[in-house]
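Only one structure is covered here, and it is reproduced in the block below.
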Amino acid sequence: MTFKHNFKKVLSATAFAAALVVAPAANVSAATNDASSTQQSATATSQDQQASQDQAASQSSAANQSSATAASASSSTSTSSATSTSTVKKTTKKAKKTTKKSKKKTAKKTSKKKAVKKVAKKTTKKKATKKAKKTSKKSTKTTTKAATAAVTASADQSKATDQQDDAAKKAAEAAAKKAAAAKKAAAKKAAAAKKAAAKKAAAKKKAAAKKAAAAKKAAAKKKAAAKKKAAKKSAEKAAKYWIAMRESGGYYTARNGSCYGRYQLLIFYLGGDLSKKNQERTADRYVYGRYGSWVNAKRFWLAHNWY
């Protein structure tokens, strides 16, 4: 009964020691996996893991030795209960001491690992920050350069657009000015043509009026001349008739000495032709040749009682 109880204690102590040895190794493995986030810490962690594995192997060997010792103790206890109990106590004490030493060493390594990890993380972060700053600076420089180029291009385009607008405006103004000049010239030409037409029409009208006035004046003159002629003719006829009535009473056969006919002409003036027609013709020739008209002949007759 005592042997079984002591053997159980030995087994429990051995299992507890093995658990303590395995637990730090598991913690180290977990720490190693956590440290693999960066490249530098991964290298340090790999080295620590190798050391931990070596330590775990050493501790495992120690545990195996302890187990062997426990087994040996167990076989020894079959012969002596007191020796077995002493061996168990020694083994437990040694296992505790080993576990405590392993814990300290593991804690020291873990602390060192954490420090290395912290430094590696800090270095990585610093490098990442520096790289990010450099990238940001480069990106900012590129962006600034692109923005400057875009602004320059936009300014050039705006300038070109302004130049095109100015050119179009100038062309429009020139076209408008040309159109205005053409319109003004056309209006001036039309006004000149209208003025010339009006002047021509006025000249034509004036010429027509002058011609009409001349025609009217000529007609009036002609009429006056005709009237005067008619009046003269009438006066001549009247004077001729008046003389005929004074000389012969109007008879073509009247005779007074050497005078004969209606106008009492010398008979030799008639040339032997005593016809009415010859008497009229001879009397006209005599009066117009001597007095110029019958009116003048009448005037002479009134002054001298003959003609």
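Toward the positive end of the charge dipole of the stretch 188-307, with +1 on the Cβ of Lys and Arg and -1 on the Cβ of Asp and Glu, the farthest Cα among A197, G250, G272 is that of A197. Over the stretch 193-307, give the accessible area per residue in Å² for a 1.4 Å probe, as an integer. Heavy-atom SASA per residue in the stretch 193-307 reads 74 Å². Given a 1.4 Å probe and the protein chains as shown, S158 ends up with an accessible area of around 60 Å². The label-point distance for A225 and K121, in a model that sets each label 7 Å from Cα toward Cβ, rounds to 14.7 nm. Distances between placed amide hydrogens fall under 5 Å for L265 paired with Y260, all partners being 5 or more residues away or on another chain.
The values are calculated or read from the model by the stated rules, or taken from the named source; none is laboratory data. Predicted model, so just to flag it, every value in this text is computed and none were measured. We place every Cβ from the backbone using ideal geometry, glycine too, and count neighbours over all the protein chains shown. Note: accessible area is taken over every heavy atom of the protein model, side chains too, but ligands, DNA and RNA are not part of it. Shrake-Rupley method; radii C 1.70, N 1.55, O 1.52, S 1.80 Å.
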